[in-house]
1. Does region 22-41 contain any residue that is modelled with pLDDT under 75 and surrounded by 10 or more Cβ atoms within 10 Å (Cβ to Cβ)?
2. Give region 69-82 a look and list any residue that's touching a Ser or Thr at 6+ places or on another chain (Cβ under 9 Å) and not in a helix (DSSP H, G or I), or say none.
3. Residue by residue through region 41-59, note down the ones that are outside any loop (DSSP other than H, G, I, E, B), closer than 16 Å to residue 74 by Cβ and among the aliphatic types (A, V, I, L, M).
4. Of the residues 85, 95, 66, only one is of a type in the set (Val, Ile, Thr), outside any loop (DSSP other than H, G, I, E, B) and under 15 Å from residue 28 (Cα atoms); which?
5. Taking region 69-82, which residues are over 16 Å from the mean Cα position of the chain (by Cα) and within 16 Å of residue 24 (Cα to Cα)?
6. Just to be sure before I move on: is residue 63 touching a helix residue (DSSP H, G or I) at 6+ places or on another chain (Cβ under 7 Å) and modelled with pLDDT of 95 or more in the structure I sent?
Amino acid sequence: MRALAILALAALTACTAANDAADAVARSQAKNVVNTYVADRYPGLNAAPITDCIIDAADAREILQISSAAITGLDAGTAEQIGQIARRPEALQCIAQNSLTLIG
């Protein structure tokens, strides 16, 4: 019985590690998409802090949707989604707090 519990725990740990890795990849791809969008839309600003704020304000479903644009390319729907996330109170507050680092 104890061996079965240990095996189950090991399998669960492996699944968690795989999910964490997949989340990290999706988040990284989404960051690249958002950073490109912000840099193109606001040339001259340091896009990285804005990107971080937008990604932090997005939920897991939105991260996956945005990350798909790394393969398919940024379309109007994804650009609108990024804009909507950027206008959320938590994103705006984050951007305001990081405003000193925005000028590149």
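The values are calculated or read from the model by the stated rules, or taken from the named source; none is laboratory data. Quantities reported herein were computed from a predicted structural model and do not represent experimental measurements. Counting neighbours? That spans all protein chains shown, and the Cβs are built from the backbone with ideal geometry, glycine included.
1. yes
2. The answer is 74, and nothing else.
3. Selection gives 47, 50, 54, 55.
4. Result: 66 is the single residue among 85, 95, 66 that is of a type in the set (Val, Ile, Thr), outside any loop (DSSP other than H, G, I, E, B) and under 15 Å from residue 28 (Cα atoms).
5. Hits for region 69-82: nothing passes.
6. When the stated conditions are applied, residue 63 passes them.
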